[in-house]
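Written out below as structure tokens is the structure these notes cover.
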């Protein structure tokens, strides 16, 4: 019963993060926070899966390494965008 509840919570976390990622595209900070929430739900899924299969947790450390690098890259893009444009709106950022 605990396994079903935990997997349901992880699925709700993942889908709510995806809904926020798709719907809130006005600010870059909201998009980055929803991406980190999705990464956190995937981390919980990996941890749950590896504990269920009685495997070692070495892959979790590699996953956390990549997720921290992704977060640092997102924050550096956010700081760079705020310094050049003065805000984090996607409307003021022209990609062309």
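The values are calculated or read from the model by the stated rules, or taken from the named source; none is laboratory data. Quick caveat, the model's predicted, so the values are computed rather than measured. Don't worry about glycine lacking a Cβ; one is built from the backbone with ideal geometry, like all the others, and counts go over all protein chains shown.
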Q. Residue 38 passes all but one of (1) modelled with pLDDT under 90; (2) part of a helix (DSSP H, G or I); (3) touching a helix residue (DSSP H, G or I) at 6+ places or on another chain (Cβ under 8 Å); which number fails?
A. (1)
Q: Answer yes or no: is there a residue in region 88-95 that is assigned to a helix (DSSP H, G or I) and out of contact with any strand residue (DSSP E or B) (no Cβ under 9 Å at 6 or more places or on another chain).
A: no
Q: Inspect all residues belonging to region 4-14 and state whether any of them is surrounded by fewer than 16 Cβ atoms within 10 Å (Cβ to Cβ), closer than 23 Å to residue 90 by Cβ and touching a helix residue (DSSP H, G or I) at 6+ places or on another chain (Cβ under 8 Å).
A: no
**Q.** Tally of residues being outside any helix (DSSP H, G or I) and in contact (Cβ under 8 Å) with a residue 24 or more places away in the chain across region 44-85
**A.** 0
